[in-house]
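Everything on this sheet refers to the single structure shown next.
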Amino acid sequence: MARVLIIGSLEAELGAAARIAAARGARLAVAEGAAAGLARLRGEGADLVLCDVVHDVAWLIGQLANERIACPVVACGRPDDAEGAVRAIRAGAKEFLPLPPDADLIAAMLQAVAGEPDRPVVRDPAMAALLGRAEQVARAEASVLITGESGTGKEVLARHIHAASRRARGPFVALNCAALPETLLESELFGHEKGAFSGAVAARKGKFEQAEGGTLLLDEIGEMDPRLQAKILRAIQEREIDRLGGAAPVKVDVRILAATHRDLAAEVAAGRFREDLYFRLAVVRLRIPPLRERREDILPLARHFAERYARANGLPPRGLSPAAEALLLRHAWPGNVRELENTLHRAVLLAEGPAIGPEAIDLLDPLPAARVPAPAGQPAGPPQQAAQPVSALVGRRVEEVERDLIIETLSHCLGNRTRAAEMLGISIRTLRNKLHEYRAAGIAVPPVPGQPPCALPAG
Ligand SMILES: Nc1ncnc2c1ncn2[C@@H]1O[C@H](COP(=O)(O)OP(=O)(O)OP(=O)(O)O)[C@@H](O)[C@H]1O
Ligand SMILES: [Mg+2]
């Protein structure tokens, strides 16, 4: 359930956006202006802010950056207010939402911040058994460590555990530990007191406190640096946290779920992850098998995504033709459920006629390393295009080829940062820094999935 903060008057068209978000299961909070909104973000936080452009969006975003509060802000306004839209985007707003709002656009935004709200789709016996075990441990208070390759559904399972737990009425708060630089991650986790650092003009609660009475998912915990690992251990053991610059610890009642695509035991053996924290987190371990090890799930998931994306795009529902099904069953799915989802998303947009045929199914090259981008000046080819010889790249700068490869890989992953970083063999942090550089240089970067504009891979 996404937590959405609306800044503006509900009497205006923003009220329609609020009603759509509420109907989609979002938990709403409203603030009359930017300063009141900021105060709420310091207190209970939010997954997404919708801010009317009549308020000072730029000030809010600047303040969030100063106070190290990571929360996407979407500016909302009349579609003819081009100036307001440009000002908001320049200031760092994620999107501009034209009013009156489009229900599908809001649904896409909510999905991007809160993930899949539905119950996990499972058919394979191994997965059904895993889900049964998850529901069984859900009722306990013990920490759970969820492992599995990227895109296998770790976050989906975490949300399911929360929903089946005694804390279901409390908040579910997720934090991707790989997506933020260390200083920002620390204040996201633990919050800070007024004056803790130069931008800290007011106290603010971190995710631990925001998840009070509920569940906190520490996603990609394997990427966390040792100093923060020590702080997390203390939070779990003592059930209290220290805000940055805080004089006294704060009690927290939070259940911790952790997820990683890494082999955490191996990370412990290599000295990169604290053993004591590992044992604290891994009281219960749930390993989600890769999709290639649970082939019975492929078609039920494919049908589920075909239906969902047809609905989300206002297209007629189409089934899969037998040839398309055969193609899906033959593929190895190195990107797991996320790859299947992206494939079906594209297929729904490309399909014509009564059913989704094999021609609409554009599968990922099983050997991404063999793919090289088109030379400068030429559009990059479609993903299934045969690899070009490396000699075609001679004469180009490494930096430029790297940039093309990164952007092309990211579009292929429909903007999914985690997946793209994994395919590229670089950390998410490195990827994020590079994208930041490109954006600063005025180069278009594929948006985060689910957030409009809904990008098809380039080419
Ligand atoms: N069993 C399932 N039923 C329905 N949708 C699923 C299922 N498993 C995964 N998905 C979908 O696949 C995508 C990837 O799932 P999720 O984000 O939970 O994976 P992850 O393991 O956390 O991936 P990553 O390591 O990339 O963060 C999501 O869009 C999710 O909604
Ligand atoms: Mg995840």
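What the table shows:
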| quantity | calculated |
| --- | --- |
| Selected residue (criterion: nearest to the chain's Cα centre (by Cα)) from residues of the stretch 2-28 that are crowded, with 18+ Cβ neighbours inside 10 Å and more than 22 Å from A85 (Cα to Cα) | A2 |
| Any pair with Cβ under 7 angstrom, 6 or more apart, that starts in the stretch 218-243 at a residue that is among the small types (G, A, S) and at pLDDT below 95 and ends at one that is open to solvent by less than 40 Å² (accessible area, probe 1.4 Å) and within 16 Å of ligand 1 (Cβ to nearest atom) | G222/T260; G222/L264; G222/E267 |
| Residues located in the stretch 33-53, provided they are in contact (Cβ under 8 Å) with a residue 24 or more places away in the chain and either open to solvent by 50 Å² or more (accessible area, probe 1.4 Å) or small (G, A, S) (or both) | G33, A34, A36, G37, A39, R40, G43, E44, G45, A46 |
| Test result for P316, free of Cβ contacts under 8 Å to residues at least 24 places away in the same chain and closer than 26 Å to V448 by Cα | yes |
| Residue that is among the small types (G, A, S), under 22 Å from R24 (Cα atoms) and touching a strand residue (DSSP E or B) at 6+ places or on another chain (Cβ under 7 Å), where the choices are A163, A158, A108 | A158 |
| Index of the failed condition, F172 passing every other in (1) farther than 24 Å from P290 by Cβ; (2) over 15 Å from the mean Cα position of the chain (by Cα) | (2) |
| The lone exception for K205 - which of (1) in contact with a helix residue (DSSP H, G or I) (Cβ under 8 Å, 6 or more places away or on another chain); (2) within 26 Å of M1 (Cα to Cα); (3) open to solvent by less than 20 Å² (accessible area, probe 1.4 Å) it fails | (3) |
| E293 vs. criteria farther than 29 Å from R166 by Cβ, in contact with a Cys (Cβ under 7 Å, 6 or more places away or on another chain) and within 16 Å of ligand 1 (Cβ to nearest atom) | no |
| Residue within the stretch 57-66 that is over 18 Å from L10 (Cβ atoms) and assigned to a loop (DSSP other than H, G, I, E, B) present | no |
| Unmet requirement for A302, which otherwise passes all of (1) of a type in the set (G, A, S); (2) more than 16 Å from ligand 1 (Cβ to nearest atom); (3) in contact with a helix residue (DSSP H, G or I) (Cβ under 6 Å, 6 or more places away or on another chain); (4) more than 24 Å from L424 (Cα to Cα) | (2) |
| Tally, over the stretch 162-184, of residues that are away from ligand 1 (no atom under 16 Å from the Cβ) and not polar (S, T, N, Q) | 9 |
| Any hit, the stretch 70-83, residues being of a type in the set (A, V, I, L, M), in a helix (DSSP H, G or I), within 16 Å of ligand 1 (Cβ to nearest atom) and surrounded by fewer than 18 Cβ atoms within 10 Å (Cβ to Cβ) | no |
| Tally of residues being within 23 Å of E67 (Cα to Cα), away from ligand 1 (no atom under 16 Å from the Cβ) and outside any helix (DSSP H, G or I) across the stretch 191-223 | 18 |
| Filter result (out of contact with any helix residue (DSSP H, G or I) (no Cβ under 7 Å at 6 or more places or on another chain) and away from ligand 1 (no atom under 13 Å from the Cβ)) within the stretch 144-161 | none |
| The stretch 99-137 - residue that is under 20 Å from V53 (Cβ atoms) and open to solvent by 50 Å² or more (accessible area, probe 1.4 Å) and, of those, farthest from ligand 1 (Cβ to nearest atom) | P100 |
| All positions within the stretch 176-190 that are more than 11 Å from ligand 2 (Cβ to nearest atom), modelled with pLDDT under 95 and in contact with a helix residue (DSSP H, G or I) (Cβ under 8 Å, 6 or more places away or on another chain) | L180, P181, E182, L185, E186, E188 |
| Among the candidates R42, R68, R24, R19, residue that is among the charged types (D, E, K, R) and under 16 Å from V113 (Cα atoms) | R24 |
| Single residue of the stretch 425-449 satisfying the filter (open to solvent by less than 40 Å² (accessible area, probe 1.4 Å) and at pLDDT 85 or above) that is nearest to ligand 2 (Cβ to nearest atom) | I428 |
| Any hit, the stretch 37-48, residues being out of contact with any helix residue (DSSP H, G or I) (no Cβ under 8 Å at 6 or more places or on another chain) and of a type in the set (D, E, K, R) | yes |
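Each row is one residue, and each column tells you yes or no for (1) of a type in the set (V, I, T); (2) in a strand (DSSP E or B).
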| site | (1), (2) |
| --- | --- |
| I146 | yes, yes |
| V156 | yes, no |
| I161 | yes, no |
| A168 | no, no |
| L175 | no, yes |
| A178 | no, no |
| T183 | yes, no |
| E186 | no, no |
| L189 | no, no |
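Quick grid of which residues meet (1) within 30 Å of V252 (Cβ to Cβ); (2) acidic (D, E); (3) touching a strand residue (DSSP E or B) at 6+ places or on another chain (Cβ under 8 Å):
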site: A36; (1), (2), (3): yes, no, yes
site: N66; (1), (2), (3): yes, no, no
site: R78; (1), (2), (3): no, no, yes
site: A93; (1), (2), (3): no, no, yes
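The values are calculated or read from the model by the stated rules, or taken from the named source; none is laboratory data. Note that the structure is a prediction, hence the values are computed from the model and not measured. Note that each Cβ is placed from the backbone with ideal geometry, even for glycine, and that neighbours are counted across all protein chains shown. Calculation scope for accessible area: heavy atoms of the full protein, side chains included, ligands and nucleic acids excluded. Shrake-Rupley method; radii C 1.70, N 1.55, O 1.52, S 1.80 Å.
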